[in-house]
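Before any comments, here is the structure.
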Amino acid sequence: DYLFKLIVVGDSGVGKSSLLSRFNDNEFSESFISTIGVDYKTKNIMVGDEHARLQLWDTAGQERFRTIVGCYYRGAHGVVVVFDVTSSESFANVRNWLYEIENHCDRPSRCCILVGNKRDHPRRQVLRSDAERLAAELHIPYVETSAKTGRNVDRVFVTLSQLIVETRPPRRRTIKR
Ligand code: GDP
Ligand code: MG
């Protein structure tokens, strides 16, 4: 069995909390979701034929002031980097978030996934091809989601967990003779 700490980063308003509440509770709200006092929620999934317990960490809105604290990043196995396909600014900021991850995450091999959220929205500003190009350059997967409809939301967390399993050093096994 695995235990993974997964964190979500990205500009304020891109839908980080919404993605988590869709994934965790299959719920969506049109208003801003404020997270207060809770560090993380847990969810169990299957990765291949193994159980994985995911610790899903959400910010309490500190990203507005660029003051996400070190303990949020510390020990993270996987990072979901979210932008909003209706906001070029949030897309432009993806590189800043990756820079933050480089500086704060202690594991050099931590895994990332790029997520373009709000794909249900008619007023798109970011081309899928541009997002795919950035992800290819960064050697990370790209997934387009809608927390509103639920489209592809599970895929984000399953893909990221698979990636972590694949890039992990092999686990030590007890050798019986
Ligand atoms: P956070 O600041 O990144 O945690 O963003 P929130 O999850 O609080 O969402 C900000 C706003 O975007 C809220 O009004 C949500 O209802 C809305 N929102 C989040 N995800 C989606 C989505 O997939 N589609 C649409 N249309 N709106 C969304
Ligand atoms: Mg939030």
Fill in the blank from the handout: Ignoring ligands and nucleic acids, residue 143 exposes an accessible area, probe 1.4 Å, in Å² to the nearest 10, of 10 Å²
Fill in the blank from the handout: The simple spin-label model distance between residue 49 and residue 137, using points 7 Å out along Cα→Cβ, in nm, is 4.2 nm
Handout entry: Potential extension, residue 96-residue 125 segment - 0.36 nm per residue separation minus Cα distance
Key = 8.5 nm
Problem - Theoretical ellipticity at 222 nm over the chain - DSSP helices of four or more residues, -39500 (n - 2.57) apiece, nearest 500 - result: -9000 deg cm²/dmol
Problem - Between 0 and 90°, nearest 10: helix 153-167 axis offset from the chain longest Cα axis - result: 40 degrees
Problem - Acute angle (nearest 10 degrees) that the helix 16-25 long axis makes with the longest principal axis of the chain, alpha-carbon atoms - result: 60 degrees
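If DNA, RNA and ligands are ignored and the probe is 1.4 Å, what is the ranking of 58, 39 by accessible area, most exposed first?
Heavy-atom accessible area, descending, gives 39, 58.
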Completion exercise
For residue 118 the rounded accessible area (nearest 10 Å², probe 1.4 Å, non-protein molecules ignored) is 60 Å²
Fill in the blank from the handout: Expressed per residue, the solvent accessible area of the chain in Å² (1.4 Å probe) is about 57 Å²
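With +1 on the Cβ of every Lys and Arg and -1 on the Cβ of every Asp and Glu, and nothing else charged, how large is the dipole of the chain about its Cα centre, in debye rounded to the nearest 20? Walk me through the numbers on the way to the answer.
On the way: 27 positive and 22 negative charges, 133 e Å.
Here the size comes out at about 640 debye.
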Completion exercise
Taking N as the residue count of the chain, its alpha carbon Rg divided by 2.2 N^0.38 Å gives 1.02
Completion exercise
Ranking 27, 144 from most to least accessible area with a 1.4 Å probe gives 27, 144
Exercise for the section: For the stretch 57-118, give the percent of accessible area contributed by carbon and sulfur heavy atoms, probe 1.4 Å, rounded to a whole number. Expected result: 51 percent
Exercise for the section: Ignoring everything but the protein chains, give the 1.4 Å probe accessible area of residue 160 in square angstrom, nearest 10. Expected result: 0 Å²
Handout entry: Lysine pairs within the chain, Cα separation less than 15 Å, 8 or more sequence positions apart or different chains
Key = 6
Practice task
Give a residue-ordered list of calculated ³J(HN,Hα) values for the stretch 92-97 (Karplus: 6.51 cos²θ - 1.76 cosθ + 1.60, θ = phi - 60°; whole Hz; x for Gly, Pro).
Solution key: 4, 7, 4, 4, 5, 5
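The values are calculated or read from the model by the stated rules, or taken from the named source; none is laboratory data. Bear in mind that the values here come from a model prediction, so they are computed numbers and not experimental data. Neighbour counts are summed over all protein chains in view; Cβ atoms, including those assigned to glycine, are modelled from backbone coordinates with ideal geometry. Heavy atoms of the whole protein, side chains included, go into the accessibility calculation; ligands, DNA and RNA do not. Shrake-Rupley method; radii C 1.70, N 1.55, O 1.52, S 1.80 Å.
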